[in-house]
Each structure stands twice: as C-alpha cells, then as structure tokens.
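Below is one structure, written out as structure tokens; comments come after it.
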Amino acid sequence: MKNADRNKYSLAVIISNYNKSGYLRECLNSVLQQTLLPDEIIVVDDCSTDDSREIISEYAGKYNIIRLLFLEKNGGVSNARNMGLKEAGTAYVTFIDSDDFYYNKDKLENEMRLIKKYSAMGRDILSYSVSPRTDADGVLLPKERKRKWGRLQFITGKSFMMMVSMAKRYRLPRDYCIKKEVLLAVGAYSFYKDFYEDMDLLMRIAESGTEFYCTYEYGSVYRQTGTGLSNRKDEENKNTLREIRQEYYLRLSAQEKIECTILFTAGKIRRFIKKQIAGFPGQKTE
C-alpha cells in the first residue's frame with residue numbers, strides 16, 4: 001500500500017477499560033491478531049483499581065502500536081472513549097470495550113474494504129459487522145448459534161427515519177469503523193447517561209446523513225457478563241430507549257413525523273402477525 005493511501009485510510013482501535021483485567025488480554029490479543037493490523041491501538045484506562053494498568057503496560061512494552069492513556073479520575077465510558085478519540089492520530093477510528101473481543105480475524109479488513117469502496121464514490125460511510133452475543137466465558141449463546149441471519153435485519157443506507165421510528169428490531173451497529181471527523185462533527189459521545197450512549201450517538205450519525213453498511217460477516221462479540229445493559233431492568237431499558245427516540249422525533253418536520261408514525265405502526269403490526277403465526281402448530285419464524 002502506498003504511503004498516501006495508507007495515511008488516507010489509517011485506523012485506530014480505541015479500547016476503553018475499567019477493572020476488566022480478566023478480559024483485557026483476550027481483547028488485546030484479538031486486535032493484534034487481525035489480518036489488517038491497525039495503525040494505533042489506544043487503551044484508555046478509566047482509573048482502574050485492579051491490575052489492568054500492569055497488563056496494559058506489559059503489552060505496550062511489547063507492541064509499539066499500543067498507546068497508553070491512564071486517566072487520573074474515573075469519568076465513565078463515554079468520557080474514556082472521547083479521550084481516546086481526541087488522542088487518535090488516524091483518519092478512521094473504531095471502539096471496543098475491554099470485556100469484548102474480535103470474533104473474526106478479518107473484522108477490520110472487511111469493514112475497511114467497505115469504507116474504501118464507498119470512499120471511491122465520494123461517500124463517507126459507517127461500516128460494521130454482525131456482533132453475536134456470548135456468555136461471560138466468550139462462548140456464543142445457544143440462540144446465537146442457531147440464529148439464521150437475514151440481511152434485512154441490519155440497518156442499510158440512510159437510516160435515520162427507520163431508527164427513530166423503531167419500526168424494526170434491528171441489530172444496531174457495534175464496534176464500527178467510521179471517519180474520525182464525522183464523529184467529531186456530530187459531537188462524539190455526549191449522552192448524559194453511560195447507558196445507551198451508543199444508541200444516542202448512532203442517532204446523530206444517521207441524522208447527519210451518514211449511510212450505514214454491514215459486512216454481513218461476524219465481527220466483534222457482545223459479551224454478556226451480568227453488568228451493563230444485560231443487567232438492567234426491562235422497564236429502565238424501555239424508558240431510556242423511549243427517551244432517546246422522543247428527543248430525535250421532535251426534531252422531525254411535520255411530514256416526517258407522519259411518515260415515522262406510519263413506520264412505527266407498521267412495525268408493530270408485523271411483529272403482532274409474526275407472533276400469531278408462530279403460535280400455530282408446525283409454524284416456525286426466525
């Protein structure tokens with residue numbers, strides 16, 4: 001790859017960590033084993049009290065692409081990611097939490113291939129992959145192993161209206177690759193809760209007109225450890241999602257609000273029919 005092209009598509013992986021030393025090595029190893037090695041790996045430690053910093057320092061001593069950012073005060077995951085974003089000296093960035101890992105060694109290469117494809121057309125996109133769920137040990141959950149992924153389950157193209165309407169239960173992008181300046185232009189992580197902060201940022205990215213495209217290959221996993229969203233009460237999940245949706249719904253024009261309501265209603269009807277069909281003997285739905 002020519003130097004000019006390499007600089008144009010340079011990539012930083014930003015890893016936020018707080019007291020996840022038990023998972024940190026697996027996360028770091030999965031990034032270092034990628035077929036497309038990133039130009040920078042920025043590990044932001046949010047004032048951990050376990051042995052995380054010793055592990056991070058050990059890896060930084062072995063690999064010169066690893067950069068350390070040890071925060072002096074715990075500020076939460078959004079602040080940690082923003083600090084890493086600020087430090088990144090690359091054109092593109094991607095984030096991963098330290099208790100997750102890359103399931104596919106081609107994850108970064110697949111996503112940057114999509115980036116380059118659309119960049120050649122003059123379009124800056126968000127590229128992402130399928131993120132299956134695992135248990136605390138990193139083993140795919142039984143329902144994930146059986147799941148048949150359909151392309152219609154993933155957000156594609158200009159998706160702001162569909163996201164606001166919540167018309168379909170999409171798997172939202174996780175650990176995606178995106179141009180750094182796009183994130184800065186929409187304000188990066190700024191949701192007041194460290195809870196659905198990704199959803200809020202994705203809304204603003206979509207609102208900016210950025211298109212989303214999936215590789216339809218496995219990328220990183222979403223490890224369910226009993227903390228975070230997987231340990232929140234259902235009502236708290238629903239209320240926060242409703243709050244985010246309402247904020248962006250109010251930004252729509254009158255005509256867009258009508259279209260959004262139609263999409264939302266149609267989605268509820270589809271889900272109701274799907275449940276009814278599933279209730280008949282011998283019927284299966286994905």
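Since every read-out is calculated from the coordinates, none of them should be taken as a lab result. What you are looking at is a predicted structure, and each value in this text was computed from that prediction instead of being measured. With ideal geometry, Cβ positions are generated from the backbone for all residues, glycine too; neighbour counts draw on all protein chains shown.
Just a few scattered comments:
- Share, in percent, of DSSP beta bridges within segment 42-182 that are antiparallel, nearest 5: 45 percent
- Using R0 = 25 Å, the C-beta based FRET efficiency linking ARG271 and ASP135 works out to 0.40.
- Partner aspartates and glutamates whose Cα lies under 20 Å from the Cα of LYS148, excluding those fewer than 8 positions away in the same chain, are identified as ASP135, GLU217, GLU286.
- Rounded tilt (10° steps) of 234-249 against the dominant C-alpha axis of the chain: 80 degrees
- Here's how it looks for ILE41: its modeled amide H is under 5 Å from those of VAL13, ILE66, ARG67, which are all 5 or more places away or on a different chain.
- Modelled spin labels at ARG147 and ALA185, positioned 7 Å past Cα toward Cβ, are 3.1 nm from each other.
- Relative contact order [Cα under 8 Å, 6+ residues apart], the chain, whole percent: 21 percent
- In the chain, helices alone account for a calculated mean residue ellipticity at 222 nm of -13000 deg cm²/dmol, with every DSSP H run of four or more residues adding -39,500 (n - 2.57).
- Remark: LEU71, LEU85, LEU202 ranked as LEU71, LEU85, LEU202, counting other beta-carbon atoms within 10 Å and listing the fewest first.
- Entries in LYS107/LYS146; LYS146/LYS179; LYS86/LYS257 that, when Cα-Cα distance is taken, lie over 30 Å: LYS146/LYS179; LYS86/LYS257
- Amide H to amide H distances under 5 Å link CYS47 with LEU71, where only residues 5 or more positions off or on other chains count and H is placed in the peptide plane.
- What the Cβ-Cβ distance of LYS86 and SER253 gives, at R0 = 41 Å and to the nearest 0.05, is a FRET efficiency of 0.75.
- Take every DSSP beta bridge whose two residues both sit in the chain; close to 20 percent of them are antiparallel.
- Sparsely packed chymotrypsin sites (Phe, Trp or Tyr not before Pro) within segment 1-106, loop by DSSP, other Cβ within 10 Å at most 15: TYR63
- Each of ASP39, ASP175 has some number of other Cβ atoms within 10 Å of its Cβ, and from fewest to most they run ASP39, ASP175.
- Residues SER98, SER21, SER78, sorted so that the one with the fewest Cβ neighbours within 10 Å comes first: SER21, SER78, SER98
- Only aspartates and glutamates eight or more places from LYS193 in sequence, or on another chain, were considered; those with a Cα closer than 13 Å are GLU236, GLU243.
- For the chain, the longest principal axis of the Cα atoms and the long axis of helix 52-62 meet at an angle of about 60 degrees.
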